[in-house]
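*Asks:* Sharing a structure below in structure tokens format, with a few things to ask.
The values are calculated or read from the model by the stated rules, or taken from the named source; none is laboratory data. The shown structure was predicted, so the numbers you read here are calculated from the model rather than taken from an experiment. Here the Cβ positions follow ideal geometry from the backbone for every residue, glycine too, while neighbour counts run over all protein chains shown.
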Amino acid sequence: MVVTPTSAAYGRDNPRLLGRCPEKCSGLRVWAETFEPPVLGKERSTENVYIFGERPILSTGSGDLVLYLKCVHGAGSRIQQAQPTMTLHDKFGRQITDLRISITDRCNFRCVYCRSADPENYRDHDEILSWPELDRLAKIFLSLGIRKIRITGGEPLVRDGVEDYLARLHSVGVEDLSMTTNGHLLAERCDRLIAAGLRRINISLDSLDADKFERITRTKSFATVMHSIATAQRSRLAPAKVNAVLVRGINDDEVEAFASYARETGVIMRFIEFMPLDADRHWTRSLVVPAAEVHQRIHDRWPLEQIPHERSETARKYRFADGAPGEIGLIAPVTQPFCGHCSRIRLTADGKLRTCLFSKDDHDLRSLLREGASDEDLVTYIGSVVMEKEEGHRINEPGFVQPSRTMVFIGG
Ligand code: SAM
Ligand code: SF4
């Protein structure tokens with residue numbers, strides 16, 4: 001195995017490429033064996049750590065560590081001694097590497113499963129974190145081992161300055177920069193976003209029927225969003241992830257149409273179970289379309305093959321067995337919760353840290369920032385909050401209480 005770390009240390013500077021096995025063992029799969037109890041990446045055991053993904057995320061906890069990397073065919077190599085760096089862990093041993101940052105609570109859509117049709121109830125501008133505050137927090141989170149940042153909202157593209165913010169995140173070393181958007185303002189800004197460092201995009205699309213789309217989103221934006229998806233598909237953001245929240249009786253008749261759209265366009269079509277995070281409090285279990293049903297329906301028409309995924313990933317991924325382009329992703333937080341491997345935390349637009357979408361409480365970073373907390377204070381606070389991350393959500397337990405914050409305020 002050829003090992004080509006990009007820097008002598010890895011901790012803050014992860015190697016971009018660890019190595020490739022001449023035996024074709026699918027890309028960068030390696031075993032990492034340590035003589036210390038490993039605190040590495042997302043998979044752990046006492047002896048071996050199986051790291052996979054295009055860019056293995058290696059973090060070292062504290063103390064020096066020497067890694068011996070071997071691929072499944074036995075080719076091995078020794079990698080440098082690691083520099084100590086800090087990582088975020090919770091009390092269940094999960095390492096937190098992904099941060100979703102909501103940069104605004106405003107939105108130009110009013111999706112029925114998210115916002116209310118009622119008048120605006122946005123927070124005042126001064127309640128929302130400023131760009132300098134967001135910059136400072138991003139650096140602190142990076143120093144704590146956050147490697148993936150997804151920008152979300154509200155609708156992130158309604159806030160001026162997104163491209164500059166992305167460029168700053170990119171320049172301080174965020175490796176994996178992505179965004180979730182409703183697509184309304186995407187087409188015209190796609191090139192600038194990419195130039196700023198955006199690498200992946202999720203675009204919401206809840207119907208392929210213009211009238212229905214407009215009823216769901218309460219806009220007239222169907223054609224604009226379709227154009228944005230096509231633009232993203234022609235760009236280096238391809239393949240775009242297209243997200244549909246299925247709601248029984250509204251758009252669940254379109255499962256096959258969405259799958260067909262993926263086959264025609266090559267997008268990754270992702271079906272998300274409706275979660276109890278809607279402003280109108282209309283969610284009931286009977287409105288949830290289980291991912292298993294979606295899988296069965298598509299599989300009956302076009303057989304699907306599962307694609308391996310990282311355990312912390314939200315989506316179960318499938319390709320079409322007949323080799324057609326496109327992928328299917330199933331996100332089943334209600335019927336098949338994936339909390340056991342969750343690596344995510346969220347920062348709301350008004351500066352609250354949330355350790356789970358369904359947290360009952362959030363944690364006020366904005367006050368700390370504005371009261372003059374030092375970086376060390378913030379690191380300590382964030383570490384203590386993350387340590388108490390919930391083991392899992394309780395949607396399926398009796399007495400579940402819908403969080404007071406809805407999706408548009410939390411950031412999906
Ligand atoms: N405005 C952008 C958008 O719609 O893509 C980003 C923010 S939105 C809150 C992020 C994601 O949350 C979207 O994919 C949206 O479909 C999803 N979402 C919103 N409310 C939801 C709900 N109640 N259940 C499941 N997903 C939801
Ligand atoms: Fe806005 Fe996104 Fe919520 Fe729709 S899902 S109302 S686009 S924040």
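*Asks:* Within region 122-139, track down each residue that is in contact (Cβ under 8 Å) with a residue 24 or more places away in the chain, assigned to a loop (DSSP other than H, G, I, E, B) and either among the aliphatic types (A, V, I, L, M) or under 20 Å from residue 196 (Cα atoms) (or both). Walk me through it before giving the result.
*Replies:* Of all residues in region 122-139, those in contact (Cβ under 8 Å) with a residue 24 or more places away in the chain come to 123, 127-129, 131, 133-139.
With the extra rule that they be assigned to a loop (DSSP other than H, G, I, E, B), the set shrinks to 123, 128-129.
Residues satisfying the conditions are 128, 129.
*Asks:* Assess whether residue 371 counts as being surrounded by fewer than 14 Cβ atoms within 10 Å (Cβ to Cβ), charged (D, E, K, R) and within 26 Å of residue 405 (Cα to Cα). Step through it out loud before you land on a result.
*Replies:* Numbers: surrounded by fewer than 14 Cβ atoms within 10 Å (Cβ to Cβ): yes; charged (D, E, K, R): yes; within 26 Å of residue 405 (Cα to Cα): yes.
Yes; evaluated as a whole, the condition is true for this residue.
*Asks:* Please indicate, with yes or no, whether at least one residue in region 135-145 is among the aromatic types (Phe, Trp, Tyr) and either away from ligand 2 (no atom under 15 Å from the Cβ) or more than 18 Å from residue 261 (Cα to Cα) (or both).
*Replies:* Quick first cut of region 135-145, residues among the aromatic types (Phe, Trp, Tyr) only: 141.
Then keep just the ones that are either away from ligand 2 (no atom under 15 Å from the Cβ) or more than 18 Å from residue 261 (Cα to Cα) (or both); that gives 141.
Within region 135-145, one or more residues are among the aromatic types (Phe, Trp, Tyr) and either away from ligand 2 (no atom under 15 Å from the Cβ) or more than 18 Å from residue 261 (Cα to Cα) (or both).
*Asks:* Quick one: which strands (runs of 3 or more DSSP E) lie wholly within region 238-343 and hold at least 2 residues that are away from ligand 1 (no atom under 14 Å from the Cβ) and under 24 Å from the mean Cα position of the chain (by Cα)?
*Replies:* Working: elements: 241-246, 268-273, 304-307, 315-320, 327-331.
Output list reads 304-307, 315-320, 327-331.
*Asks:* Give the residues of region 100-136 that are away from ligand 1 (no atom under 15 Å from the Cβ) and under 20 Å from the mean Cα position of the chain (by Cα), sorted by residue number.
*Replies:* 134, 135
*Asks:* Which members of region 187-230 meet the condition of being within 12 Å of ligand 2 (Cβ to nearest atom) and of a type outside the set (Asp, Glu)? Don't jump to the end; show me each part of the working.
*Replies:* Within region 187-230, the subset within 12 Å of ligand 2 (Cβ to nearest atom) is 202-206, 213, 216-219, 221, 225.
Once the filter is applied, which keeps residues that are within 12 Å of ligand 2 (Cβ to nearest atom) and of a type outside the set (Asp, Glu), region 187-230 yields 202, 203, 204, 205, 213, 216, 217, 218, 219, 221, 225.
*Asks:* Specify the residue that is surrounded by the fewest Cβ atoms within 10 Å (Cβ to Cβ); the eligible residues are those in region 165-185 that are out of contact with any Gly (no Cβ under 9 Å at 6 or more places or on another chain) and small (Gly, Ala, Ser).
*Replies:* Ranking the qualifying residues of region 165-185, first place goes to 173.
*Asks:* What pairs can you find where one residue is in region 155-167 and in contact (Cβ under 8 Å) with a residue 40 or more places away in the chain, the other is hydroxyl-bearing (Ser, Thr, Tyr), and their Cβ atoms are less than 8 Å apart, with a gap of 6+ or different chains?
*Replies:* 155/104; 155/181; 156/102; 156/104; 156/180; 156/181; 158/104; 159/104
*Asks:* I need a count of the residues in region 186-202 that are crowded, with 19+ Cβ neighbours inside 10 Å and under 15 Å from residue 159 (Cβ atoms).
*Replies:* The qualifying residues number 4.
*Asks:* Any residue at all in region 365-374 that's over 29 Å from residue 106 (Cα atoms) and modelled with pLDDT of 85 or more?
*Replies:* Step one: of region 365-374, the residues over 29 Å from residue 106 (Cα atoms) are 374.
With modelled with pLDDT of 85 or more added as a condition, the list becomes 374.
Yes.
*Asks:* When you look at residue 346, is it farther than 19 Å from residue 257 by Cβ, in a strand (DSSP E or B), within 16 Å of ligand 1 (Cβ to nearest atom) and not small (Gly, Ala, Ser), yes or no? Steps first, answer last, please.
*Replies:* On the way: farther than 19 Å from residue 257 by Cβ: yes; in a strand (DSSP E or B): yes; within 16 Å of ligand 1 (Cβ to nearest atom): yes; not small (Gly, Ala, Ser): yes.
Yes, satisfied.
*Asks:* Confirm whether residue 151 is crowded, with 18+ Cβ neighbours inside 10 Å, more than 16 Å from ligand 1 (Cβ to nearest atom) and assigned by TED's automatic domain parsing to the domain that holds residue 125. Steps first, answer last, please.
*Replies:* On the way: crowded, with 18+ Cβ neighbours inside 10 Å: yes; more than 16 Å from ligand 1 (Cβ to nearest atom): no; assigned by TED's automatic domain parsing to the domain that holds residue 125: yes.
Spelling it out, it is not the case that residue 151 is crowded, with 18+ Cβ neighbours inside 10 Å, more than 16 Å from ligand 1 (Cβ to nearest atom) and assigned by TED's automatic domain parsing to the domain that holds residue 125.
*Asks:* So residue 264 clears everything in (1) out of contact with any Ser or Thr (no Cβ under 9 Å at 6 or more places or on another chain); (2) within 14 Å of ligand 2 (Cβ to nearest atom); (3) acidic (Asp, Glu) except one condition, right? Which one?
*Replies:* Condition not satisfied by residue 264: (2).
*Asks:* With 218, 234, 159 as the choices, which residue is more than 16 Å from ligand 1 (Cβ to nearest atom) and either within 15 Å of the chain's Cα centre (by Cα) or basic (Lys, Arg) (or both)?
*Replies:* Details: 218 fails: more than 16 Å from ligand 1 (Cβ to nearest atom); 159 fails: more than 16 Å from ligand 1 (Cβ to nearest atom).
Just one listed residue meets the conditions, 234.
*Asks:* Of the residues that make up region 191-198, is at least one closer than 22 Å to residue 258 by Cβ and within 16 Å of ligand 1 (Cβ to nearest atom)? Steps first, please.
*Replies:* Initially, region 191-198 is screened for residues closer than 22 Å to residue 258 by Cβ, giving none.
Within region 191-198, not a single residue is closer than 22 Å to residue 258 by Cβ and within 16 Å of ligand 1 (Cβ to nearest atom).
*Asks:* Residue under question is residue 294, and the condition is that it be touching a residue at least 12 places away in the same chain (Cβ under 8 Å) and either within 18 Å of residue 394 (Cα to Cα) or in contact with a Lys or Arg (Cβ under 6 Å, 6 or more places away or on another chain) (or both); does it hold?
*Replies:* Values: touching a residue at least 12 places away in the same chain (Cβ under 8 Å): yes; either within 18 Å of residue 394 (Cα to Cα) or in contact with a Lys or Arg (Cβ under 6 Å, 6 or more places away or on another chain) (or both): no.
In short, no.
*Asks:* Quick check on this structure: which one of 142, 177 is assigned to a strand (DSSP E or B), away from ligand 1 (no atom under 14 Å from the Cβ) and in contact (Cβ under 8 Å) with a residue 12 or more places away in the chain? Even if it seems obvious, please write down each step before you answer.
*Replies:* Working: 142 fails: assigned to a strand (DSSP E or B).
When all the criteria are applied, what remains is 177.
*Asks:* Any residue in region 215-232 that is on the phi > 0 side of the Ramachandran plot sitting within a Cβ distance under 6 Å of a residue that is not β-branched (Val, Ile, Thr) and not in a helix (DSSP H, G or I)? List the pairs, counting only those 6 or more apart or interchain.
*Replies:* 218/110
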